[in-house]
Amino acid sequence: MTEIDYAKVSRYWEKATPSILGPYMMDDFGFPASAGDFRFRAESRIVHRLTSDVKRDGAVLDLGSGIGVWAEDFARRFSTVTAVEGSRTLFKALQKKGTVYPNLLPIHGDVTTFESDARYDLVFLGGLLMYLNETDVIDLLRKLAPCIEPGGMILGRESTVRGNAVALRGDYQVVYRSVSDYMRIFGQCGLSVRHVERNEPYVLIEMGSELVEKWQKFMPVRFQALRAVGHLTYFGLRLGNPWITRIPKALGIAFPKLENHFFVLAEETS
Ligand SMILES: C[S@@+](CC[C@H](N)C(=O)[O-])C[C@H]1O[C@@H](n2cnc3c(N)ncnc32)[C@H](O)[C@@H]1O
């Protein structure tokens, strides 16, 4: 598989809108801003459940933190949060959050060169590994594994595909790996996988994005009425939530094409 062009990844995120929709890749579908809030709230219920055993006085490392919606949530729940973000545009918004939460330390930098002697109770990788080549994913995870406190965890949240990995190589560079690809990679890094869970709020919104994309392909631009269609699609899916995401699975239909999974990882004990 061809390598990710990091200069393009960086260019893409420099131009990203520093809103809740931008880092969630939900910008171009006419969804209301409340769609981003919905997804964050629904995901945070999952994240709170998965991290419920992490010590409240613990330290958190949030890598590729975007505008810091998660870093802020962690700052409310844990003692200290170090948040590293590569895009200057998104970092500015993260920095503002740092002024509100004295226990939140924002760092502008590349996660592949980030070094730390500290130990963490929770390392959050929320949609980061998909922008890294496999060798860099492995280097990063091998570096992080010994930084996890006993009883702590790495919590990953990555977009996934059902079959072979898919790489996008245009202005938006990304690699969507399968759950089994990630399991193999985690195993190579001395990490044991404690729990894997499909991210249902992501899948719901992704159903909307893929439906709107189909509409955009089929309808000439001047008839698209993207805002109205995006709003209708989103509120329609919300009405059908949570059962609507289960229908394609029950019928054996591979829709949406992209899924997303949470991975709870801990250092393997020998
Ligand atoms: C999909 S967004 C996720 C943002 C945030 N974790 C969230 O869940 O809202 C991916 C983020 O990773 C950042 N990123 C990608 N590659 C990076 C790198 N090598 N170093 C630092 N940040 C990076 C991007 O700038 C972007 O903010």
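Being open to solvent by less than 20 Å² (accessible area, probe 1.4 Å) and either part of a loop (DSSP other than H, G, I, E, B) or within 14 Å of the ligand (Cβ to nearest atom) (or both) is the filter here; which residues of the stretch 110-127 pass it? Walk me through it before giving the result.
Of the residues in the stretch 110-127, the ones open to solvent by less than 20 Å² (accessible area, probe 1.4 Å) are 111, 120-127.
Val111, Leu122, Val123, Phe124, Leu125, Gly126, Gly127 - these are the residues of the stretch 110-127 that are open to solvent by less than 20 Å² (accessible area, probe 1.4 Å) and either part of a loop (DSSP other than H, G, I, E, B) or within 14 Å of the ligand (Cβ to nearest atom) (or both).
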So, of the residues in the stretch 85-133 that are farther than 24 Å from Tyr202 by Cβ and of a type in the set (Gly, Ala, Ser), which turns out to be nearest to the chain's Cα centre (by Cα)? Gly109
Could you list, ordered by first residue, the pairs with Cβ atoms under 6 Å in which the first is in the stretch 151-165 and farther than 22 Å from Gly66 by Cβ and away from the ligand (no atom under 16 Å from the Cβ) and the second is at pLDDT below 95 and part of a loop (DSSP other than H, G, I, E, B), at least 6 apart or interchain? Arg162/Ala254
Of the residues in the stretch 214-225, those that are in contact with a helix residue (DSSP H, G or I) (Cβ under 8 Å, 6 or more places away or on another chain) and open to solvent by less than 50 Å² (accessible area, probe 1.4 Å) come to Gln224
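Can you find, within the stretch 24-58, the residue that is modelled with the lowest pLDDT among those that are of a type in the set (Gly, Ala, Ser) and in a helix (DSSP H, G or I)? It would help to see each step written out before you state the result.
Step one: list which residues in the stretch 24-58 are of a type in the set (Gly, Ala, Ser), which gives 30, 33-36, 42, 44, 52, 58.
Filter once more, so that each one left must be in a helix (DSSP H, G or I): 33-36, 42, 44.
Numbers: Ala33: 84, Ser34: 88, Ala35: 90, Gly36: 87, Ala42: 96, Ser44: 96.
Taking the candidates together, the pick is Ala33.
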I'd like to check something: does the stretch 28-36 contain any residue that is crowded, with 22+ Cβ neighbours inside 10 Å and under 15 Å from the mean Cα position of the chain (by Cα)? no
Determine, yes or no, whether Asp62 is loosely packed, with under 13 Cβ neighbours inside 10 Å, closer than 29 Å to Ser79 by Cβ and either touching a residue at least 60 places away in the same chain (Cβ under 8 Å) or touching a strand residue (DSSP E or B) at 6+ places or on another chain (Cβ under 8 Å) (or both). no
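Assess whether Glu158 counts as being outside any helix (DSSP H, G or I), in contact with a helix residue (DSSP H, G or I) (Cβ under 9 Å, 6 or more places away or on another chain) and either surrounded by fewer than 16 Cβ atoms within 10 Å (Cβ to Cβ) or at pLDDT 95 or above (or both). Walk me through it before giving the result.
Details: outside any helix (DSSP H, G or I): yes; in contact with a helix residue (DSSP H, G or I) (Cβ under 9 Å, 6 or more places away or on another chain): yes; either surrounded by fewer than 16 Cβ atoms within 10 Å (Cβ to Cβ) or at pLDDT 95 or above (or both): yes.
Taking the combined requirement at face value, the residue satisfies it.
The values are calculated or read from the model by the stated rules, or taken from the named source; none is laboratory data. Just so it is clear, the structure is predicted and the values come from calculations on it, not from any experiment. All Cβ positions, even for glycine, are placed from backbone atoms using ideal geometry, and neighbour counts span all protein chains on display. These accessible areas exclude ligands, DNA and RNA; they are computed on the full protein's heavy atoms, side chains included. Shrake-Rupley method; radii C 1.70, N 1.55, O 1.52, S 1.80 Å.
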